[in-house]
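One structure below.
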Amino acid sequence: MVSHANRGGWVGRSLRRVEDPALLTGQGRFTGDLPAAKWVRFVRSPVAAGRNVRVLAPEGAMLVTAAEITVLRPIVPMLHKFKYAPIAQPILARDVVRFVGEPVAAVVADSREVAEDLAECTTVEIEETTPLVTTTAALAPGAPAVASAAAAATVAPANPVPERREGIVPPKLDPRTGEPLRDARGRVVLDYDLATPMMLMHFFPAGLLGLGLTALLASFMSGMAGNVTAFNTVWTYDLYQSYIRRGAPDSHYLAMGRFATVFGVAISIVAAYVAASFNNIMDFLQLVFAFVNAPLFATFALGMFWPRATGHGAFTGLVSGILAAAVHHGMSLPAGAHVGVKGGYFGVVTTYPSELAQTFWTAIAAWVTCFVVTIVVSLLTRPRPAEQLHGLVYGLTPKPTDDVKRWYERPGPLAVIVLTLTVALNLIFF
Amino acid sequence: MGIDLRMPLGALFGVLGLLLTLYGAATRGQPGTEPTGVPVNLIWGVVLLAFGLWMLLLARRARRASKM
């Protein structure tokens, strides 16, 4: 039997609908069909600005005004933007109306038609005032405030947060409640990731601000581009081409490099979600460095200055250094943190007052382990002949002399100048 | 021969500097444009413009020298 369905696709076929069985079989029940359901229509302000709002309802109408729903709090918008001041919006205007069409009362009736008629019969008495039509008029001195002090007060949190600010660094806000986050000791947590943007906002006027943000984004992008390029190069050239597949055509390695780029960007997106659980990006970066850079530092130092170091020693040392970092990180926890990406996954043996303290001890454990293991394994394995180490180990490499160059072409004097400037500026702005 | 990097560099800084200088001069003294009390738009505009022009000048000189 030949099926024609595939040839023509879905066109002309009878398709069985599977969604919403209750609606398809006529068994749906709607709120409007409930006997207790009522219709609501709003009475709206006919003027753009006014005060002393009085609502006169027709005989027998069921009317809800702002005075009767004081238990309902005004709607407060939530928008996470710099310098954004949320203005509470009342559900029904009371005393003051601020735009044409602002609801001042709700009429409740049994049918839509009756509710609409009653709403139209309702008279609203408003003492009209001069509306603010432009932002320039609103910003002029002596202009009436659109949001009254009472509306602004309803926005303020019931228990005001004690201010703890260091310079212009803002507090970190809970993304769900919009309230400042607090650490284990009840202090407000500051959002150091916003230090640079806030500095730009604070000191730069419009004009230079755009240039500053552009420069900031450009540096992010160039840093990202550099890291992605480094990632796919190291993977494709140093690992894939050297150890996994040799002698393939260039197009093969090019494709592998492109895949590595996509993969690397995907990893960094995942890492961003992990980083979001840290207070700032520096804390997370230090943790990564404790795992990767701390043992690598011991390997580099030994490799550069100790001719007796061997490849086996370096590899064993590096791996055991990373393992030591994992063991230390897995057995400790910063105060107030939960077991997970912040440590403690091997059982919490000790706690540290902060994440940075834990990270530094992790780095120390990793460095010391790598240093000791590299030395021990190097001494147990066969040394490399000295002639192979020329240009690699400091003691076996001829030193370049730069006596012939002028002082500003030599790194030494320049380093002294930079260091002096750094110390002096830090002392001035301490 | 590759492109002389000083040309696009000078053009970029020159255009940005010109924009910022004009904007800074036009909004001089208006509220909100000088949060630190310094006409920073104008000053930085002039600095960027000068740097851009200097780069363009160097590029022009090098091109003339290579032609001769």
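The values are calculated or read from the model by the stated rules, or taken from the named source; none is laboratory data. Please read these numbers as outputs of a predicted model, since none were measured by experiment. With ideal geometry, Cβ positions are generated from the backbone for all residues, glycine too; neighbour counts draw on all protein chains shown. Heads up: the accessible areas ignore ligands, DNA and RNA and are worked out on the full protein's heavy atoms, side chains in. Shrake-Rupley method; radii C 1.70, N 1.55, O 1.52, S 1.80 Å.
Scan the range A:294-307 for residues that are open to solvent by less than 70 Å² (accessible area, probe 1.4 Å) and not in a loop (DSSP other than H, G, I, E, B) and the total you get is 8. Scanning the range B:44-53 for residues that are within 12 Å of another protein chain (Cβ to nearest Cβ) and open to solvent by 80 Å² or more (accessible area, probe 1.4 Å) yields one hit, B:TRP44. Among the residues of the range A:12-67, those identified as surrounded by 10 or more Cβ atoms within 10 Å (Cβ to Cβ) and in a helix (DSSP H, G or I) are A:PRO21, A:LEU23, A:LEU24, A:ALA66, A:ALA67.
Here's the yes/no breakdown for (1) surrounded by 14 or more Cβ atoms within 10 Å (Cβ to Cβ); (2) of a type outside the set (Ser, Thr, Tyr):
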residue	(1), (2)
A:THR310	yes, no
A:SER332	yes, no
A:TYR345	yes, no
A:THR350	no, no
A:GLU355	yes, yes
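The number of residues in the range A:314-335 that are in a helix (DSSP H, G or I), in contact (Cβ under 8 Å) with a residue 60 or more places away in the chain and either closer than 16 Å to A:ASN293 by Cβ or under 29 Å from the mean Cα position of the chain (by Cα) (or both) comes to 2.
Tell me whether the range A:261-269 contains one or more residues that are open to solvent by less than 30 Å² (accessible area, probe 1.4 Å) and closer than 29 Å to A:THR359 by Cα. Scanning the range A:261-269, I find at least one residue that is open to solvent by less than 30 Å² (accessible area, probe 1.4 Å) and closer than 29 Å to A:THR359 by Cα, so the answer is yes. For the range B:1-43, the set of residues classified as among the charged types (D, E, K, R) and at the interface with chain A (Cβ under 10 Å from one of its Cβ atoms) consists of B:GLU34 only. Every condition in (1) in contact with a Pro (Cβ under 9 Å, 6 or more places away or on another chain); (2) among the basic types (Lys, Arg); (3) over 26 Å from A:ALA195 (Cα atoms) is met by A:ARG245 except one, and the failing one is (1).
Scanning the range A:397-417 for residues that are open to solvent by 90 Å² or more (accessible area, probe 1.4 Å) and of a type in the set (A, V, I, L, M, F, W, C), we see that the one that is farthest from the chain's Cα centre (by Cα) is A:VAL404. Checked against (1) buried (at least 17 other Cβ atoms within 10 Å of the Cβ); (2) over 30 Å from A:ILE364 (Cα atoms); (3) at pLDDT 90 or above, A:ARG258 passes all but a single condition, namely (1).
If B:PRO35 satisfies all but one of (1) in a helix (DSSP H, G or I); (2) within 14 Å of A:LEU209 (Cα to Cα); (3) open to solvent by less than 70 Å² (accessible area, probe 1.4 Å), what's the number of the condition it fails? Only one criterion in (1) in a helix (DSSP H, G or I); (2) within 14 Å of A:LEU209 (Cα to Cα); (3) open to solvent by less than 70 Å² (accessible area, probe 1.4 Å) is unmet by B:PRO35, namely (1). The residues listed here are A:HIS328, A:HIS338; of these, the one that is crowded, with 19+ Cβ neighbours inside 10 Å, closer than 30 Å to A:TYR273 by Cα and not aliphatic (A, V, I, L, M) is A:HIS328.
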